[in-house]
Structure formats: C-alpha cells, structure tokens
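The values are calculated or read from the model by the stated rules, or taken from the named source; none is laboratory data. Here the structure is a predicted model, which means the values were calculated and not measured. A quick note on method: Cβ atoms are made from the backbone with ideal geometry, for glycine too, and the neighbour counts reach across all protein chains shown.
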Amino acid sequence: PQPVRLQDYAPPPHLIDSVELTVELGDDWTKVTAILSGRRNPAAGSGPAPIVLDGQDQQLQAVTLDGRRLAESEYQVGAEKLTLPAVDGPFELMIEGRIRPQDNTALEGLYRSGGLYCTQCEAEGFRRITYYPDRPDVMAVFTVRIEADKERFPVLLANGNCVETGELPFGRHFAVWHDPFRKPAYLFAMVAGDLGCVEDSYVTRSGREVTLRIYVDPGNEGRTGHAMESLKRSMRWDEEVYGFEYDLDVFMIVAVSAFNMGAMENKGLNIFNDKFILADPDTATDGDFQRIEGIVAHEYFHNWTGNRITCRDWFQLSLKEGLTVFRDQEFSADMHDRGVKRVSDVRLLRTVQFPEDAGPTAHPVRPDTYIEINNFYTVTVYEKGSEVVRMIHTLLGPDGFRKGMDLYVERHDGQAVTCDDFVAAMEDATGVDLSRFRLWYSQAGTPTVTARWQHDPATRRLDLTLSQATPSTPGQPTKQPMPIPLRTALIGRNGAPLPLRLDGEPDGGGATERVLVLDEAATTVSFVDVPPGAVPSLLRGFSAPVKLDAAWSEEDLAFLAGADDDPFGRWEALQSLSTRALLAMVGALRAGKPAVLDQRVVEAFRASLADDRLEPAFLSELLALPGESLLGQALDVWHVDEVHAARAEARRVIGETLFDGWSALYERLSAAEPAGGADLSTAAMGRRALANAALAYMVASGREEGIRLAVAQARPDGTMTRVMGALVALNDLERPERDAALAAFHDRWQNDPLVLDKWFALKAGSARTDTLDQVKGLLEHPGFSIRIPNRVRALIGGFTAGNPVRFHAADGSGYDFLAEQVLALDAINPQVAARMTQPLVRWRKFDAGRGKAMTDALRRIIHSPTLSKDVYEIASKALA
Ligand code: DPP
Ligand code: ZN
C-alpha cells in the first residue's frame with residue numbers, strides 16, 4: 001500500500017455545491033442515487049480537468065453528466081476511483097449505484113447491524129455509500145431522501161431538518177432531510193430503524209428553542225436521562241465560555257450497539273456507541289457516568305470546532321480533535337473537580353501516549369504521512385494535541401486564548417483549514433509570537449526536561465537550571481528545542497508557596513507562581529529573596545507534555561506530597577516517591593532478593609489518609625499506586641513478572657500496615673451513604689471512589705475481614721459502582737468467593753450486553769494464571785460476538801491491553817492468541833483489528849525472549865495474504 005503525504009496536498013480540482021441523495025433501503029440491495037452540482041475549483045487552476053471520484057464496494061449502474069447518460073467507454077472504474085470526462089464549467093452529475101449494507105462488517109459507510117441501518121463516514125466512509133470527492137475540503141449542502149419498509153424501519157433520520165415525509169407503495173415510506181450548512185462528506189449521517197425516542201428542549205441564550213432527541217433501542221429510554229442532562233450542560237457551557245450557540249432547530253443523538261469509535265459528531269445527528277449514552281446507577285459506574293458526560297460534550301463541542309470549521313485534509317485531524325479534547329477536558333474540570341480531572345487526564349497521557357511517542361508508530365500531532373487514516377485517531381492526535389492547545393492557553397492566558405478563538409471563528413467559519421491557521425489566529429489576536437511553538441505540531445517524541453537547582457543561603461538566590469532533549473523518532477533523527485511552558489513555584493519550609501521575584505526584577509508583584517518558558521536547549525533562571533529550605537514545585541498542573549527529571553530527594557517528594565498547593569504537584573510527588581520505591585523493589589526481585597517497600601511511602605500514605613482537608617475524590621487518586629505499564633515504561637526493560645509482584649507486594653504492605661485507617665475510612669464513607677449510588681453529585685462520586693480504594697487495600701492486605709466486606713459489597717443487587725469496586729478488589733484472588741461473586745454477577749446481567757462487557761473485562765483482566773484459558777473459552781459464550789467491537793474490546797482487549805502480566809506470559813501464549821484474533825478480526829473489521837494489534841508494537845521494551853515471540857506474532861500477521869492496509873501499516877511499522 002502507498003502512503004499519502006502532507007507535502008502532496010493539492011486543492012480539489014472540482015467543488016461540489018449541493019448533493020441530492022436518495023437512498024432506497026432494501027433487503028437484497030440498497031440503491032443510492034446522488035445528484036451532484038459542481039464546478040471547477042478556481043483555486044485549483046482553470047481549463048478542463050477530469051472529474052475523479054472516490055468509491056469503494058460500489059456497484060455502479062449509471063452515470064449521467066449534464067443530462068446525458070454516459071457510455072461505459074466514457075469513464076473508468078478503478079478499484080477505488082471513478083474517472084469521468086474532463087469538465088471546465090459548472091456541471092450536474094448523477095451517479096446511480098447499489099450497495100449491500102447488510103454485508104458491511106467493517107462498520108464504515110452505511111451498515112446494517114441487527115435491525116438498524118446507520119452510518120459512520122469519518123474518515124473515508126462516505127465513498128462506500130456513493131462515488132464522491134470524499135475529502136474534507138469539499139463542502140456541500142446535502143438533501144437526503146431515505147426510503148424503507150415502514151413497519152421495520154419506522155424512524156428515518158439524517159442531518160439537518162426533516163422537510164417532508166410520506167407513504168409509498170408496498171408498505172414503504174420516506175423522509176427527506178435538508179441540512180442548510182455546508183459540510184464535508186465525513187459529517188454525513190443517516191439512520192433507519194425501529195427506535196425509541198426521548199425528547200427534551202433547550203433554549204439558547206439568544207432565546208431560540210432547540211429540540212433535543214435521543215434515540216435508543218426500545219426499552220432503553222429510561223437510561224438516557226444522564227446523557228440528556230449532559231447535553232444541556234454542554235450547550236450552556238459552550239455559550240458561557242466561548243459564546244458558541246447551537247445553530248439548527250433540532251439536535252439528535254442515536255445510540256447504536258455496533259460502533260467502531262466512541263461516538264461521531266455528524267452535523268445535527270450524532271451517532272454514539274450505546275456504551276456512551278446508556279446509564280443508570282444499577283448498570284453504570286460513576287466512571288461510566290463521567291465518561292458519558294465528557295463524550296456527549298466532546299461531540300457537541302465539535303459543532304463549532306470540527307463542523308462549522310473543519311479540517312482541510314486528514315493530516316490536520318488534531319485541529320479539531322486536539323482542540324475539542326481540550327474543550328471537553330475543561331468542561332469536565334468545570335463541572336467537577338479540576339485537580340482530579342487533571343490527574344486522570346495526565347495518567348491517560350502517560351500510560352498510553354508516552355509509549356506511543358516512544359515506539360515505532362510515533363508520529364507528530366500533525367502527522368506528515370499515513371497509509372490508512374483510521375490508524376491516526378490516536379492518543380497523540382487527541383490527547384497530546386489537547387496538551388498542545390493547553391500550552392497555547394497557558395502562554396496566552398484565558399483572555400488571550402478567548403480572543404484567539406474569536407478571531408479563529410471570525411476568519412474561518414464555514415471553511416476547511418489547517419493547524420497553522422489556528423495558531424496564526426492565536427498569534428494575530430494577541431501579538432504573541434508562536435513561530436517556534438509550531439514545532440509542537442511537527443516534531444514527534446516526548447521531550448525530557450531536566451531541572452537542577454542550587455540555593456545559596458548567603459545571597460538567598462536559588463538558581464534553577466533547566467534543559468530539554470527530545471529523543472529521535474522514526475523519520476526524525478534530530479530534534480530542535482521547543483518552547484516549553486513550566487508553571488513554577490517555590491514552597492517554603494512552612495508549607496506555604498513563596499512570593500517570587502526573579503533576579504533583576506524590582507518587585508515580583510507578590511505572585512507565587514510563574515510560567516517559565518524554556519525555549520532553548522538549556523537556561524538558568526535565578527530567583528532572589530529565597531529563604532533556606534524552599535523546594536521547587538515544577539511543571540505545576542502538568543503545564544507541558546514532557547517527562548520531568550528533577551533533582552528532588554525522597555524527603556523533598558514526601559514534603560511536596562503533603563504541602564504542594566498545586567493538586568497535580570501534590571499527586572505527582574507521591575507518584576514519584578512511589579515509583580522510585582517500586583522500581584527499587586523490582587531491582588531487588590531481579591537480584592533474587594526480597595522486595596521491601598520503602599517505609600517513606602507508607603508514611604506518606606498515612607499522612608494523606610489523615611489529612612481531612614482533602615476531597616475524597618482527590619484522596620482516592622492520591623492513594624493509587626502507579627500502574628504496571630507506567631512502571632514498565634520507567635524501566636529500560638519491562639520485567640512484567642517482577643513489576644507485577646512488586647506492585648502487589650506494595651499494595652499488600654500498604655493495605656496491612658494501614659488496615660485500621662482503611663477500615664475506619666470505609667465504614668465512615670459507607671455509613672454516609674448506606675444505599676450508595678443514586679446521588680450523582682461530584683462529592684458523592686468521590687466518596688464512593690474513596691470507599692472502593694479503601695476496600696481494595698483491605699482486600700490486598702490478605703486479611704479475611706477485607707474479603708468479607710468485599711464479598712458483601714459485591715452482591716449483585718447493589719449499585720454498579722459499588723459492585724464493580726468490590727469485584728475489581730476480589731478479581732485476582734484464587735478463592736471460591738471470587739468465583740462465586742463473578743458467577744452471581746453473570747447470572748444477574750447476562751442479558752444486558754453493556755454489563756456483560758464488564759464481566760468479560762473482569763474475567764480477561766484477572767491476574768490469575770488460568771485467565772488465558774478462560775478467555776479462550778469465553779469466545780464461545782453466547783453473549784460474545786466478534787462482529788460487535790464493544791465485545792471484542794472487552795474480552796480480547798481486556799486481556800491483551802488490560803492484563804500485562806498474563807498477556808506477556810513468557811511462553812508466548814498471549815502473543816499467539818492475539819495474532820490469531822487479529823487475523824480473524826481483520827477479515828471482518830480491519831479498523832478494530834488494527835487497534836487490537838497495538839499491544840505487540842512495543843516489543844523492544846521487553847526481554848529478548850519475549851521480544852522474539854512478539855515479532856514472530858507480528859510476522860505471522862503480516863504474512864497473511866489477505867491483510868488489510870490498516871493492520872499492515874501497524875505491523876510493518878512495528879517490524880521496521
Ligand atoms: N467521533 C470521533 C471523535 O469525536 C471522530 N471525530 O473524536
Ligand atoms: Zn472528536
């Protein structure tokens with residue numbers, strides 16, 4: 001397969017002004033007729049140019065150009081292109097074709113799953129519906145007529161407003177939808193099925209009433225309330241923070257069970273993976289509730305950042321995704337606890353994006369080449385992209401950033417633009433020069449910032465020396481220094497942040513925090529009037545997506561863990577202290593010695609437990625040890641068994657030593673909320689998170705009392721947050737109580753697919769040695785289907801991505817299993833198959849034996865004669 005390159009970008013030779021689409025849904029064939037009104041693009045030269053359209057899995061039946069039906073000799077049908085005669089002026093083109101959505105298991109374009117037809121057109125799915133210039137810089141006004149059997153498909157939806165409905169012969173009916181906003185084909189959507197609908201409304205700040213509708217499988221209407229409330233909160237927030245109002249009379253969300261992504265922001269008709277819509281306290285955890293709120297917001301926010309202003313080409317994906325993730329993160333921070341939100345976002349970035357940025361599939365936030373664009377919906381484009389936008393926010397300040405957003409919209413509303421256009425608007429609105437900052441879009445790899453300092457008690461100066469280095473990544477052997485904003489404070493011995501004054505400043509203005517911008521390879525900053533014993537608090541709020549190597553002693557970290565006024569800094573200090581201790585334990589195990597947890601970690605945990613000024617949600621984050629994959633990354637070679645054993649031992653010691661503290665906390669929190677689950681306030685969710693953390697430590701201690709409490713809490717009549725908390729705590733135990741609790745959960749929920757996914761993931765995620773056998777057996781479970789991505793992600797992904805110690809079994813059995821599953825899946829759904837290949841790509845991080853077994857598995861995959869380009873791209877890069 002040939003790569004596509006950013007440098008080859010050329011504007012489209014023809015533009016399309018309007019599309020009239022007729023889709024006749026039928027059991028054998030679906031007939032699609034597209035009438036395109038187009039013209040030559042003045043920006044792409046003049047004179048006649050052939051019309052070239054994209055298409056895939058089409059059965060073309062007729063082409064009519066300006067009223068004349070073309071003979072077959074007048075056009076060429078290639079594997080993925082239709083080439084028509086050269087055209088100079090305006091034209092009207094009619095394409096008639098047939099497709100089979102019922103055979104479309106890739107879930108791209110129009111597909112049928114069960115009794116529902118729906119679409120997923122981003123990135124390049126529209127070409128599976130009809131021949132079309134399927135690229136985001138072609139924006140047209142769409143009118144869509146859908147025809148279907150009325151009894152089986154009573155609900156017919158598409159983007160925009162419904163302008164006509166009516167009956168047809170043979171029990172069929174139709175609906176016509178018109179979307180007045182020009183849009184690229186990737187934002188097209190349609191749905192046909194038998195769906196229940198929940199309706200609400202929202203009055204915009206200028207007084208327009210918008211109808212809100214959520215469509216679900218009949219019977220699930222009662223589980224949409226949270227999504228609806230989240231939508232209304234998102235609409236309000238976007239008005240208040242950015243002045244963005246909704247622009248159509250109706251906003252619809254459809255929840256579907258077979259969906260490759262989380263959700264899709266189609267104009268006026270969002271389509272969601274049902275997992276991110278349906279929730280009630282009996283079936284969804286607090287984490288699910290929060291994810292639903294965040295994703296509903298994300299897709300809604302795309303209406304301005306993505307739909308009204310879209311991407312010129314797919315290399316600019318982060319223009320809309322990084323920005324929209326930043327917006328949804330800020331929304332959630334405003335709705336709940338900012339510190340907790342930041343910690344969980346950073347954890348995700350470090351756990352998934354940092355490894356990507358350090359491995360064979362590393363790419364810049366704005367990639368410059370791809371084979372299959374679906375492989376670039378990555379944590380780098382999304383999460384690192386959001387961090388890049390966040391740095392601009394930090395550099396410009398909230399007001400400057402808002403000015404930049406206003407200018408961005410003023411200049412580009414209705415256009416398809418680039419990341420550079422976004423940065424230029426930020427610059428022009430504020431006068432801040434971001435020319436070097438643009439490197440963040442083009443350079444891959446995570447920079448390491450090194451911080452060393454020295455305090456001179458005589459002069460009361462603290463010299464802070466900062467330097468940066470970014471490792472090479474595929475295709476980018478050398479890197480330039482980038483501007484790195486570092487929010488910095490100095491914490492005095494009494495625990496209070498000190499007023500800061502830089503050398504040469506007459507007066508620091510009393511501020512206790514500075515944004516230092518490290519924009520060279522190295523620099524030294526001097527603070528004056530610094531009393532002895534002050535400890536720097538660096539990279540506060542995680543102000544840049546970098547690795548920080550700072551010269552903190554264990555004592556400094558223990559101090560910051562109790563005293564830093566920045567919540568992220570406080571959490572980070574305890575994480576760093578714990579990481580050092582855990583890595584020392586791994587080292588001991590490697591040397592054949594017993595692993596002993598540094599007592600300072602236990603004491604820091606004890607002090608945090610006793611600090612009743614902390615919000616429960618934050619405390620639960622503070623008391624979570626770094627995960628196995630973070631520890632693995634911190635090592636040159638990820639010794640999976642020793643990492644797992646060290647972490648389990650640390651949890652046991654913390655559970656045992658502080659047992660009385662955990663127990664008192666658990667009792668207090670449970671007494672505060674005996675029924676536990678219906679109160680969805682931030683505070684109540686925080687209390688439940690902390691109670692579950694306490695319970696897990698009690699179980700980890702090995703004491704019977706912990707297990708007894710967890711077994712009681714796991715009873716399946718409880719609310720899902722509590723039940724899942726207990727099951728997670730019990731899940732690794734080789735005890736009959738664990739099996740009984742999981743069996744009871746299964747019996748209670750086996751007919752509820754989304755809850756059954758939780759059970760699949762628990763089974764697949766257990767550290768017990770029989771887990772792989774269990775997973776293989778569950779492939780035959782009646783509730784499992786390889787055609788439904790959520791099932792695949794829960795069971796197969798739950799093992800390969802969620803269970804490092806068993807997936808990386810030294811005998812290679814996990815790798816063989818994954819290779820088999822990837823090949824089976826690739827024939828059905830290449831996009832999901834490519835995702836599932838990911839756990840194999842970082843084989844260099846493991847010892848020689850595992851590395852060889854992983855590359856053997858990759859070779860087995862790549863030698864498949866029918867491999868998709870999706871999986872080919874991942875596997876070939878991994879092996880390069
Ligand atoms: N639906 C995906 C998202 O919102 C892709 N646009 O991020
Ligand atoms: Zn998005």
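Descriptive notes on the structure:
- Take the conditions (1) more than 34 Å from the chain's Cα centre (by Cα); (2) touching a residue at least 12 places away in the same chain (Cβ under 8 Å); (3) part of a strand (DSSP E or B); THR450 misses just one of them, which is (1).
- Any hit, the range 365-378, residues being in contact with a strand residue (DSSP E or B) (Cβ under 8 Å, 6 or more places away or on another chain) and within 16 Å of ligand 2 (Cβ to nearest atom): yes
- Within the range 304-326, if we keep just the residues that are assigned to a helix (DSSP H, G or I) and hydroxyl-bearing (Ser, Thr, Tyr), the residue that is farthest from ligand 1 (Cβ to nearest atom) turns out to be SER318.
- Taken together, the residues in the range 274-288 that are more than 13 Å from ligand 2 (Cβ to nearest atom) and closer than 21 Å to GLU383 by Cβ amount to 3.
- Sole residue being charged (D, E, K, R), more than 16 Å from ligand 2 (Cβ to nearest atom) and crowded, with 21+ Cβ neighbours inside 10 Å, chosen from GLU147, GLU167: GLU147
- Counted residues, the range 273-303 - those being under 17 Å from ALA158 (Cα atoms) and either within 9 Å of ligand 1 (Cβ to nearest atom) or at pLDDT below 95 (or both): 1
- Residues of the range 198-231 satisfying the condition of being surrounded by 15 or more Cβ atoms within 10 Å (Cβ to Cβ) and in a strand (DSSP E or B): VAL198, ASP200, TYR202, VAL210, LEU212, ARG213, ILE214, TYR215, VAL216
- Residue among ARG128, ARG152, ARG112, ARG98 that is touching a Phe, Trp or Tyr at 6+ places or on another chain (Cβ under 9 Å) and either β-branched (Val, Ile, Thr) or surrounded by fewer than 22 Cβ atoms within 10 Å (Cβ to Cβ) (or both): ARG98
- Members of the range 359-418 found to be touching a Pro at 6+ places or on another chain (Cβ under 7 Å), more than 16 Å from ligand 1 (Cβ to nearest atom) and not in a helix (DSSP H, G or I), listed by number: PRO360, ALA362, THR369, ILE371
- Test result for ALA106, part of a loop (DSSP other than H, G, I, E, B) and either at pLDDT below 95 or within 16 Å of ligand 2 (Cβ to nearest atom) (or both): no
- Filtering the range 799-835 to residues that are aliphatic (A, V, I, L, M), under 17 Å from ARG859 (Cβ atoms) and within 23 Å of the chain's Cα centre (by Cα) leaves LEU818, VAL822, ALA833, ALA834.
- Residue within the range 294-303 that is in a loop (DSSP other than H, G, I, E, B) and either under 24 Å from PHE422 (Cβ atoms) or away from ligand 2 (no atom under 16 Å from the Cβ) (or both) present: yes
- SER435 being polar (S, T, N, Q), in contact with a helix residue (DSSP H, G or I) (Cβ under 9 Å, 6 or more places away or on another chain) and surrounded by fewer than 18 Cβ atoms within 10 Å (Cβ to Cβ): yes
- The helices (runs of 4 or more DSSP H) found entirely in the range 757-832 that carry 1 or more residues being touching a residue at least 60 places away in the same chain (Cβ under 8 Å) are 789-792, 804-807.
- Elements of type strands (runs of 3 or more DSSP E) contained in the range 493-607, each with 2 or more residues being β-branched (Val, Ile, Thr): 514-518, 522-527
- Condition check for THR351: outside any helix (DSSP H, G or I) and more than 16 Å from ligand 1 (Cβ to nearest atom): no
- Candidates are the residues of the range 327-337 that are of a type outside the set (Ser, Thr, Tyr) and in a helix (DSSP H, G or I); the one that is nearest to ligand 1 (Cβ to nearest atom) is ASP328.
- Look at (1) away from ligand 2 (no atom under 13 Å from the Cβ); (2) touching a strand residue (DSSP E or B) at 6+ places or on another chain (Cβ under 6 Å); (3) β-branched (Val, Ile, Thr); (4) within 21 Å of MET724 (Cβ to Cβ) and you find that VAL256 fails only one, number (4).
- Residue within the range 564-583 that is surrounded by fewer than 17 Cβ atoms within 10 Å (Cβ to Cβ), at pLDDT 95 or above and within 20 Å of LEU619 (Cα to Cα) present: yes
- Considering only residues in the range 457-515 that are of a type in the set (Ser, Thr, Tyr) and under 30 Å from GLU356 (Cα atoms), the one that is surrounded by the most Cβ atoms within 10 Å (Cβ to Cβ) turns out to be THR488.
- Hey, VAL340 more than 15 Å from ligand 1 (Cβ to nearest atom) and buried (at least 24 other Cβ atoms within 10 Å of the Cβ) or not: yes
- Selection of first residues in the range 252-273 that are within 15 Å of PHE126 (Cα to Cα) and of second residues that are of a type in the set (Asp, Glu) and more than 13 Å from ligand 2 (Cβ to nearest atom), restricted to Cβ pairs under 7 Å at least 6 apart or on distinct chains, gives the following pairs, ordered by first then second residue: LYS267/ASP179.
- The range 230-251 - residue that is charged (D, E, K, R), more than 16 Å from ligand 2 (Cβ to nearest atom) and in contact (Cβ under 8 Å) with a residue 40 or more places away in the chain and, of those, farthest from ARG402 (Cα to Cα): ASP249
- The residue that is farthest from ligand 2 (Cβ to nearest atom), counting only those in the range 313-353 that are in contact with a Leu (Cβ under 8 Å, 6 or more places away or on another chain) and within 24 Å of CYS419 (Cβ to Cβ), is ARG350.
- When VAL63, VAL52 are screened for being surrounded by 14 or more Cβ atoms within 10 Å (Cβ to Cβ) and within 18 Å of PRO12 (Cβ to Cβ), only VAL52 passes.
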